[in-house]
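What follows is a single structure, written as structure tokens, with notes after it.
The values are calculated or read from the model by the stated rules, or taken from the named source; none is laboratory data. Remember, predicted model here, so these are calculated numbers, not experimental data. Quick reminder, even Gly has a Cβ in these numbers, built from the backbone with ideal geometry, and neighbours come from all protein chains shown. Accessible surface is based on the protein model in full, side chains and every heavy atom, while ligands, DNA and RNA are left aside. Shrake-Rupley method; radii C 1.70, N 1.55, O 1.52, S 1.80 Å.
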Amino acid sequence: MRIVVLIKQTPDTESLIRISDDGRSVAAGDFKWIINPYDEFAVEAGLRLKERHGGSVQIVSWGPRRAVAAIHGALAMGADEGVLISDEALETADSLGVARALAAAVARIDPEVVLCGHRAVDYDLGQRGPMVAELLGWPHVGPVVWLDSDGSRVTVERPAEDGVVT
């Protein structure tokens, strides 16, 4: 089973947030950068699928060169390969621009399953997964709190107003 996990590098939630000298942006120089915690859950889910069904887990991320550290973290968890999409055009891209780059990378890999965190702890938009799925013409289910597969079908549970939907 070919599994792709999309990850994002985000500031550690314990980082001190300060306003930069321009008064309009965040001073990011002192941040400790980590794998977005929700994406880390997705890496773990991908590794469980790999353990059960064989195959590989490939990490795909985007961002500046420092994002390689997040990929290394996922590789240390047990992922097989990592790809960093690094392009100056993405530095100012909106969520859709980033989703287009991620969708293009995913299409080249042609996986059976794509996983990602349901949101990121920095901007908290929750758009990456649905946009990548839409751009690929694939179904999307989120947020998922439990995932299993028999090798040909994926079963998920997600929270609902009165409990859980399977």
Fully extended contour minus Cα-Cα distance, from R2 to A104, at 0.36 nm per residue = 35.1 nm
ask   = What list of ³J(HN,Hα) values in whole Hz, one per residue of region 59-71 in order, does the Karplus curve 6.51 cos²θ - 1.76 cosθ + 1.60 (θ = phi - 60°) give from phi, with Gly and Pro shown as x?
value = 8, 10, 9, 9, x, x, 3, 4, 5, 4, 4, 5, 5
request  = Using semi-axes √(5λ) of the Cα gyration tensor in Å as the read-out, say which of (i) 21, 20, 17; (ii) 30, 19, 14; (iii) 27, 18, 16 was calculated from these coordinates.
outcome  = (iii)
Relative contact order, percent, the chain [alpha-carbon distance under 8 Å, six or more residues apart] = 25
key: With 10 Å bins from 0: P(r) over region 89-132, alpha-carbon pairs, percent   = 26, 56, 18, 0
message = Could you report the accessible area of M1 in Å², rounded to 10, computed with a 1.4 Å probe on the protein chains as they sit in the structure?
response = 40
request  = Specify the residue with the greatest mean-square fluctuation among S95, S61, S152, computed from a Gaussian network of the chain linking alpha-carbon atoms under 10 Å apart.
outcome  = S152
task = Would you kindly state how much longer the chain becomes between T92 and V141 on full extension, computed as 0.36 nm times their sequence separation minus their alpha carbon distance, in nm to one decimal?
result = 14.8 nm
task = Pull out the extension gain between R65 and D80, defined as 0.36 nm times the separation in residues minus the alpha carbon to alpha carbon distance; nm, one decimal.
result = 3.4 nm
request  = Please work out how much accessible surface D110 shows to a 1.4 Å probe, ignoring ligands, DNA and RNA, in Å² rounded to 10.
outcome  = 90
Neighbour net charge for A79 - beta-carbon separation under 14 angstrom, K R +1, D E -1 = -3
task = Quick one: work out the % antiparallel among DSSP beta bridges in the chain, nearest 5.
result = 45
key: With DNA, RNA and ligands ignored, accessible area of H118 (1.4 Å probe; Å², nearest 10)   = 90
ask   = Pick from V26, V106, V43: which residue has the top mean-square fluctuation in a GNM of the chain where Cα pairs under 10 Å get a spring?
value = V26
query = Which far-off residues, 5 or more places away or on another chain, put their amide H under 5 Å from the one on V5, with H placed in the peptide plane?
reply = Q58, I59, V60, L115
ask   = What number, in percent, do you get for the relative contact order of region 63-126 if the mean sequence gap of Cα pairs under 8 Å and at least 6 apart is divided by its residue count?
value = 24
remark   = So for R0 = 25 Å, FRET eff. of Y123-H72 from the Cβ-Cβ r, to 0.05, ends up at 0.60
message = Take E51 and V26, extend 7 Å from each Cα along the Cα→Cβ direction, and tell me the distance between the two endpoints in nm.
response = 3.2
ask   = Which value results when the Cα radius of gyration for region 69-165 is divided by 2.2 N^0.38 Å?
value = 1.18
remark   = Candidate cut points under trypsin sites (Lys or Arg not before Pro) in region 84-166, DSSP loop plus at most 13 other Cβ atoms within 10 Å of their own Cβ, are R153
query = If you average the sequence gap of Cα pairs under 8 Å that are 6 or more apart and divide by the length of region 70-166, what percent do you get for the contact order?
reply = 16
